[in-house]
Amino acid sequence: MPELPEVETVRLGLAAAATGRRIERAWTSGQPLRRPLPDGFSQRVVGRTVETLDRRGKVLLLRLADGGAILIHLGMSGSIAIGPETPPVRHDHLRLVFAGGTAATLHDPRRFGFVDFREEADLAADPLLARLGPEPLAEDFTPTVLAERLAGHGGPVKTVLLDQTVVAGLGNIYVCEALFRAGISPRRAANRLGRARLARLVRAIREVLAEAVAAGGSSLRDHRLTDGSLGYFQMRHAVYDRADAPCATPGCGHAIKRIVQSGRSTYYCPGCQD
């Protein structure tokens with residue numbers, strides 16, 4: 001599933017193509033996604049201008065100049081391509097054509113994503129947006145804030161950090177990588193992290209996410225930038241999907257281990273993380 005860095009790279013590409021542009025046409029496939037499209041979706045967005053491109057967790061928000069927003073979630077396999085308008089192909093589900101002819105096309109083979117529309121007054125009450133935790137790249141994401149979000153969660157910190165109500169946008173790849181950088185065992189209880197570990201974890205989360213965005217995200221299966229190119233942060237993974245490989249930390253001497261937590265693979269170094 002695209003995580004925060006992958007969605008952010010899509011946001012940046014879409015912002016460059018759509019900000020300040022009027023939506024001239026909107027095409028939808030008619031096939032069901034995770035959420036049904038609202039009635040009259042095309043009529044509600046055509047003729048309106050995209051004011052800003054925002055992101056909340058893993059949700060893209062195309063905010064329109066006269067109020068309201070188009071919500072797009074990439075699900076497990078979604079991607080957005082930007083380019084000239086061409087005939088839709090299999091698994092295309094949404095196309096927005098902007099003034100000047102540039103088109104943005106949502107391609108989602110597994111159909112776990114969604115497209116929705118919310119008036120401005122209804123955005124805060126959206127069932128997904130309303131329950132999201134803080135943004136980890138925001139300036140106000142501090143060790144104190146993280147401690148408050150982890151309080152009451154006695155489960156393994158790796159599993160708890162995947163909960164979008166705790167911190168928005170984190171997924172399996174970047175939680176594994178951040179815990180490694182912070183030197184924290186994925187098995188450690190989330191609500192038992194002391195000040196020093198919390199500070200290291202916040203710093204590691206922010207660094208890993210920022211570096212991944214700069215690298216275009218991780219292209220392991222479906223992720224593509226809006227120009228069709230691949231991200232390359234997967235070339236810099238320290239632990240994720242590196243089971244049995246030697247730890248890259250000088251002098252460590254341990255191999256990367258894989259365990260399963262709540263049905264998800266966790267990768268860590270038993271020598272560097274405690």
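The values are calculated or read from the model by the stated rules, or taken from the named source; none is laboratory data. These numbers were taken from a predicted model, which means no experiment stands behind them. Virtual Cβ from ideal backbone geometry, glycine too; neighbours counted across all protein chains shown.
Conditions tested, residue by residue: (1) under 18 Å from TRP27 (Cα atoms); (2) at pLDDT 95 or above; (3) hydrophobic (A, V, I, L, M, F, W, C).
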| position | (1), (2), (3) |
| --- | --- |
| VAL50 | yes, yes, yes |
| ASP92 | yes, yes, no |
| ARG110 | no, no, no |
| ALA121 | no, no, yes |
| GLY133 | no, yes, no |
Residue match in the range 89-101 (condition: among the β-branched types (Val, Ile, Thr), surrounded by fewer than 20 Cβ atoms within 10 Å (Cβ to Cβ) and not in a strand (DSSP E or B)): yes
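Each row is one residue, and each column tells you yes or no for (1) free of Cβ contacts under 8 Å to residues at least 40 places away in the same chain; (2) of a type in the set (Gly, Ala, Ser); (3) outside the structural domain of GLY13 (by TED's automatic domain parsing).
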site: THR226; (1), (2), (3): no, no, yes
site: GLY231; (1), (2), (3): no, yes, yes
site: MET235; (1), (2), (3): yes, no, yes
site: ASP244; (1), (2), (3): yes, no, yes
site: ALA248; (1), (2), (3): yes, yes, yes
site: GLY253; (1), (2), (3): yes, yes, yes
site: LYS257; (1), (2), (3): yes, no, yes
site: VAL260; (1), (2), (3): yes, no, yes
site: GLY263; (1), (2), (3): yes, yes, yes
The range 102-126, subset surrounded by 14 or more Cβ atoms within 10 Å (Cβ to Cβ) and among the small types (Gly, Ala, Ser), residue farthest from VAL50 (Cα to Cα): GLY113
Matching residues in the range 18-34 - criterion: being buried (at least 21 other Cβ atoms within 10 Å of the Cβ) and either closer than 19 Å to ASP227 by Cα or out of contact with any Phe, Trp or Tyr (no Cβ under 7 Å at 6 or more places or on another chain) (or both): ALA18
Residue check, LEU137 buried (at least 17 other Cβ atoms within 10 Å of the Cβ), under 18 Å from the mean Cα position of the chain (by Cα) and not assigned by TED's automatic domain parsing to the domain that holds SER29: yes
Meets criteria (buried (at least 18 other Cβ atoms within 10 Å of the Cβ), touching a residue at least 24 places away in the same chain (Cβ under 8 Å) and within 18 Å of the chain's Cα centre (by Cα)) for LEU37: no
